[in-house]
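The values are calculated or read from the model by the stated rules, or taken from the named source; none is laboratory data. Bear in mind that the values here come from a model prediction, so they are computed numbers and not experimental data. Reconstructed Cβ throughout: ideal geometry from the backbone, glycine too, with neighbour counts over all protein chains shown.
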Amino acid sequence: MDHKEFRVKAKELVDYIADYLENIRDHRVYPGVQPGYLHKRLPNEAPQLPEKWDDIFKDVEDHIMPGIVHWQSPHMHAYFPALTSYPSIMGEMLSSAMNVLCFTWASSPAGTELETIAMNWLGKLLGLPDCFLNEKNDSPGGGVIQTTASEATLVSLLAARTRALIELSSLNPDMQSSELLGHLICYCSDQAHSSVEKAGLIGLVRMRYIESDENQCMRGAKLEEAILNDKDKGLVPFWVCATLGTTGSVAFDNLREIGEVCEKHSAWLHVDAAYAGSAFICPEYRHWLNGVELADSFAFNPSKWLMVNFDCTAMWVKESTALHRTFNVNPIYLRHENSGKAIDYMHWQIPLSRRFRALKLWFVLRNYGVVGLQKHIREGVRLAQKFEALVLADQRFEIPQPRNLGMVAFRLKGDNTLTERLLKRLNARGYIHAVPACFKGVYVIRFTVTSQRTTNQDILDDWSEIKKVASEILVDTFGSENGNIVMPKKPRISLKETRELNATFGTSLLLANSPMSPKIVNGTHVAICDYEQVLSSCAQTFAQLKMEPKDSPEMRRRIRGIRMCGKKFSLDSYMDMVQGLMVEQSLPQCSEEEREEASNGSSPGDRSSITSSPVTSSTTIKQDNSDLSQLHVPSTPSRQFRSKSFDVSLSDLKLDDATISIDMRNNEITITPTGSKKFDDQVHFNAVEGKLNIGDKISQAFDSFQGGILGDRNDVGDKVDKMDDDSKITIKGPGSYIKKLIQQFSEGPFETEDVKTESEKAVTTQSIKDRADAICKKCFHYKGRISK
Ligand code: PLP
């Protein structure tokens with residue numbers, strides 16, 4: 001590949017990378033391949049002749065991608081994050097191009113000095129004490145970028161071992177280092193990462209595991225007890241590793257207590273904060289760093305949560321000379337004329353050569369800024385809290401250890417095998433990927449929020465996947481998706497109790513979704529706003545109403561609906577009603593518009609043609625009631641009110657005088673008066689415009705008929721037409737409206753409670769209801785008389 005081809009292909013690769021990360025959700029996070037899959041696909045030997053880039057890259061898509069675990073995916077919840085970011089990728093690209101080896105200052109001055117500067121920045125960002133920084137040439141402490149946290153732990157243990165052996169040799173000049181080594185012992189918690197154990201193995205020293213407390217936390221007292229016991233046995237405690245953010249449950253050892261014990265017994269204290277260290281850039285999490293000034297070394301991985309590509313472990317030491325003493329080999333070919341005047345990082349680590357890793361760290365720190373990085377950490381924690389809440393809301397699951405930062409360790413209640421099976425099945429499905437942990441015999445699934453691209457929806461999707469698979473497993477095992485968990489019934493709280501418990505209950509709203517099912521929504525507004533807020537929001541609404549009253553045919557229709565139907569409505573609906581009334585009062589032009597419409601023949605309100613005689617207010621239709629009809633308008637939407645005295649009725653009209661036929665199929669009600677009685681007076685519709693209820697429509701139809709006022713009416717969406725002859729009125733409307741009308745009608749807007757005995761009322765109402773129900777159900781042509 002030459003420069004020319006590189007320019008083209010590398011740009012294509014950048015596009016490929018951006019596409020990959022942008023569309024990361026398209027990939028199943030965990031691949032479905034089996035061990036050895038790639039052996040079967042690729043040749044056994046390297047090609048003899050050069051191959052074309054396009055052919056090589058095609059194999060990436062065909063053979064490599066199918067075997068990739070997509071660590072950048074929002075559905076990756078295994079281990080801890082291993083994030084990348086665009087500035088970091090660019091740092092890697094540039095450092096790969098230069099490929100400088102920064103083992104001495106002379107081998108790469110910029111590489112060395114940028115590392116010192118970036119590590120000082122980062123140390124300050126975490127709030128580490130100055131003793132860990134290297135701001136002056138003669139500072140004893142300083143930071144260095146190691147490859148991994150494991151390596152940082154080993155470096156620390158080896159440095160501490162050197163320090164201990166030097167001291168022991170001076171006290172026991174006759175003894176060999178190998179002999180002294182047998183007396184050394186170091187400590188960590190039983191929750192420490194396996195890399196600590198590995199460091200002990202490599203360092204050829206004994207390791208004692210301190211039992212953690214109920215919060216998975218190593219405490220000073222237990223450590224001291226172990227140290228004193230070991231000292232009694234002639235052993236020499238020389239190194240302690242405290243963990244801030246354990247791998248299993250992100251638990252935090254008590255740094256201050258442990259630091260004090262280490263100080264007392266002259267043991268080197270190393271702090272392994274591999275994952276949690278990133279969170280310390282947010283001051284609210286630094287309480288876990290309390291006592292860090294007592295530590296000798298501290299390490300965390302910006303390559304985990306801080307979006308700096310692997311590899312990048314930030315390690316600080318108080319005494320860099322301890323590292324020098326351990327790793328200093330000074331062959332002539334590595335010496336340079338500035339030796340001693342600048343840091344030579346080869347003395348701070350195990351290998352000689354080292355990459356220019358500071359570049360990507362520096363790019364990330366600058367490109368995100370402290371604020372951007374803090375936002376990223378906080379968002380990760382927030383999403384973990386969201387997941388935690390979802391788990392806790394499901395009775396089948398539990399979280400045995402409290403969540404810290406961005407990781408939730410959860411399990412199915414009951415036997416470990418349930419959770420094991422759940423995890424196995426989840427990973428096999430591949431939509432999410434997680435790994436387990438075990439706390440004192442309790443098996444859990446670790447769910448870490450990793451990606452900076454994770455959204456609320458991702459968390460909800462993952463939780464749905466987990467719940468679905470859990471249900472499958474519980475059904476397989478117990479025959480029920482609740483397993484053997486007995487779901488506690490929701491306690492029923494009586495209205496009385498609610499009232500007693502809540503002093504502000506009176507301000508709650510009584511809502512009814514249907515007339516038969518009133519629901520108490522306790523504290524609808526009290527729950528969301530205090531009294532003052534309610535008042536001020538009401539005041540605001542009223543102020544607005546005055547300035548810009550809303551008026552539209554829809555709004556008018558809605559308000560009429562509210563007032564007609566007799567249910568209790570929400571505060572909002574009542575506000576609409578108030579608004580409607582205000583419009584009516586303050587905007588007479590609305591009715592003028594309607595009048596105009598009416599004169600065009602499209603409105604029900606052709607009021608000019610309706611005389612203004614009162615109509616009697618009796619709510620009963622009686623065979624021989626000769627009072628004149630008078631219309632009363634409901635002032636509230638109360639059902640009780642309406643049926644008692646506010647419903648429209650025409651006292652002179654006897655229902656027995658009419659045949660009412662209902663055609664549900666064609667959405668029509670036909671009213672055919674059969675009697676001979678005529679009205680002497682006519683309804684004054686101006687007085688009732690917009691205030692008629694459903695029953696009124698029928699009355700209106702009769703009235704119009706009786707008064708000889710016929711024509712199109714379009715008030716609440718229906719039409720009142722004159723039919724073929726003067727003896728019929730048809731009300732047309734949408735099916736739902738007709739159905740409502742029948743119900744309304746059958747529920748007896750023409751009934752009155754004061755003229756019937758309770759038993760009469762019940763019988764009548766029931767029989768009418770039954771009939772109307774039958775009509776509604778069967779939707780067939782109904783012809784019949786509404787009897788008393
Ligand atoms: N320490 C802790 C607490 C960890 O959680 C891990 C890995 O997750 C390590 C050490 C090892 O990190 P590394 O892979 O950088 O060696």
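Confirm whether Glu319 is out of contact with any strand residue (DSSP E or B) (no Cβ under 6 Å at 6 or more places or on another chain), among the charged types (D, E, K, R) and in contact (Cβ under 8 Å) with a residue 12 or more places away in the chain. In short, yes. Within segment 24-60, restricting attention to residues that are under 35 Å from the mean Cα position of the chain (by Cα) and closer than 26 Å to Met93 by Cα, the residue that is surrounded by the fewest Cβ atoms within 10 Å (Cβ to Cβ) is Asp26.
In segment 199-247, the residue that is surrounded by the fewest Cβ atoms within 10 Å (Cβ to Cβ) out of those that are on the phi > 0 side of the Ramachandran plot and within 16 Å of the ligand (Cβ to nearest atom) is Gln216. Applying the selection to segment 357-393, what residues are buried (at least 17 other Cβ atoms within 10 Å of the Cβ) and either among the β-branched types (Val, Ile, Thr) or assigned to a loop (DSSP other than H, G, I, E, B) (or both)? Residues satisfying the conditions are Arg357, Val364, Ile377, Val381, Val391. The condition of being in a strand (DSSP E or B) and either of a type in the set (Ser, Thr, Tyr) or farther than 26 Å from Ala437 by Cα (or both) holds for only one of Ile185, Ile227, that being Ile185.
Going residue by residue through segment 289-302, is there one that turns out to be away from the ligand (no atom under 12 Å from the Cβ), of a type outside the set (Gly, Ala, Ser), surrounded by fewer than 19 Cβ atoms within 10 Å (Cβ to Cβ) and within 30 Å of Pro436 (Cα to Cα)? Yes: one or more hits.
For Ile56, are the conditions met, namely being within 30 Å of Ala274 (Cβ to Cβ), out of contact with any helix residue (DSSP H, G or I) (no Cβ under 9 Å at 6 or more places or on another chain) and among the aliphatic types (A, V, I, L, M)? So Ile56 fails the test. Figure legend. Inter-residue proximity from segment 386-411: first residues under 20 Å from Trp288 (Cβ atoms) and among the acidic types (Asp, Glu), second residues at pLDDT 95 or above and surrounded by 19 or more Cβ atoms within 10 Å (Cβ to Cβ), beta-carbon distance below 6 Å, spacing 6+ or different chains. Indicated pairs: Glu388/Val408. Across segment 181-198, the qualifying residues are those that are more than 12 Å from the ligand (Cβ to nearest atom) and surrounded by 19 or more Cβ atoms within 10 Å (Cβ to Cβ), and the one among them that is nearest to Gln216 (Cα to Cα) is Tyr187. Can you spot a residue in segment 257-271 that is under 21 Å from Arg446 (Cα atoms) and crowded, with 21+ Cβ neighbours inside 10 Å? Checked segment 257-271: no residue is under 21 Å from Arg446 (Cα atoms) and crowded, with 21+ Cβ neighbours inside 10 Å. Among the residues here, Phe410 qualifies as under 19 Å from the mean Cα position of the chain (by Cα), over 30 Å from Lys124 (Cα atoms) and surrounded by 22 or more Cβ atoms within 10 Å (Cβ to Cβ). Based on this model, can you work out whether Thr116 counts as touching a strand residue (DSSP E or B) at 6+ places or on another chain (Cβ under 9 Å), in a helix (DSSP H, G or I) and farther than 26 Å from Gly372 by Cβ? In short, no. Considered as a group, the residues in segment 59-88 that are in contact with a helix residue (DSSP H, G or I) (Cβ under 7 Å, 6 or more places away or on another chain) and assigned to a helix (DSSP H, G or I) include one that is farthest from Thr450 (Cα to Cα), and that residue is His63. Only residues that are within 37 Å of the chain's Cα centre (by Cα) and either within 11 Å of the ligand (Cβ to nearest atom) or modelled with pLDDT under 95 (or both) were counted across segment 253-269, and they come to 1. Leu423 satisfies every condition listed in (1) assigned to a helix (DSSP H, G or I); (2) over 27 Å from Gly32 (Cβ atoms); (3) more than 21 Å from the chain's Cα centre (by Cα) except (2). Restricting segment 127-171 to residues that are part of a helix (DSSP H, G or I), over 38 Å from the mean Cα position of the chain (by Cα) and within 16 Å of the ligand (Cβ to nearest atom), the residue that is nearest to His193 (Cα to Cα) is Leu154.
Determine whether Ala273 is within 16 Å of the ligand (Cβ to nearest atom) and under 33 Å from the mean Cα position of the chain (by Cα). Spelling it out, Ala273 is indeed within 16 Å of the ligand (Cβ to nearest atom) and under 33 Å from the mean Cα position of the chain (by Cα). Note on segment 89-98: among residues that are touching a residue at least 60 places away in the same chain (Cβ under 8 Å) and of a type outside the set (Ser, Thr, Tyr), the one that is surrounded by the most Cβ atoms within 10 Å (Cβ to Cβ) is Gly91. Scanning segment 1-23 for residues that are charged (D, E, K, R) and surrounded by 12 or more Cβ atoms within 10 Å (Cβ to Cβ) yields a total of 2.
Anything in segment 205-224 that is over 38 Å from the mean Cα position of the chain (by Cα) and assigned to a loop (DSSP other than H, G, I, E, B)? List them, or say none. Matches in segment 205-224: Val205 only. Cβ-Cβ distances below 6 Å connect the following pairs, each with a first residue in segment 299-316 that is closer than 10 Å to Ala82 by Cα and in contact (Cβ under 8 Å) with a residue 60 or more places away in the chain, a second residue that is in a strand (DSSP E or B) and more than 8 Å from the ligand (Cβ to nearest atom), and a separation of six or more residues or different chains: Pro302/Ala314. A single entry from Trp348, Trp316 fulfils the requirement of being within 16 Å of the ligand (Cβ to nearest atom) and crowded, with 21+ Cβ neighbours inside 10 Å: Trp316. Annotation note: Cβ proximity below 6 Å between a residue of segment 142-164 that is without any contact (Cβ under 8 Å) to a residue 24 or more places away in the chain and a residue that is near the ligand (Cβ under 8 Å from one of its atoms) (sequence gap 6+ or interchain) occurs for no pair. Here Leu157 meets each of (1) surrounded by fewer than 23 Cβ atoms within 10 Å (Cβ to Cβ); (2) more than 30 Å from Arg366 (Cβ to Cβ) with one exception, condition (1). When the residues of segment 135-154 are narrowed to those that are among the aliphatic types (A, V, I, L, M) and under 10 Å from Ile350 (Cα atoms), which ends up surrounded by the fewest Cβ atoms within 10 Å (Cβ to Cβ)? In this case the residue turns out to be Leu154.
Among the residues of segment 71-101, those that are away from the ligand (no atom under 16 Å from the Cβ) and over 16 Å from Val308 (Cβ atoms) comprise Ser73, Pro74, His75, Ala97, Met98, Asn99, Val100, Leu101.
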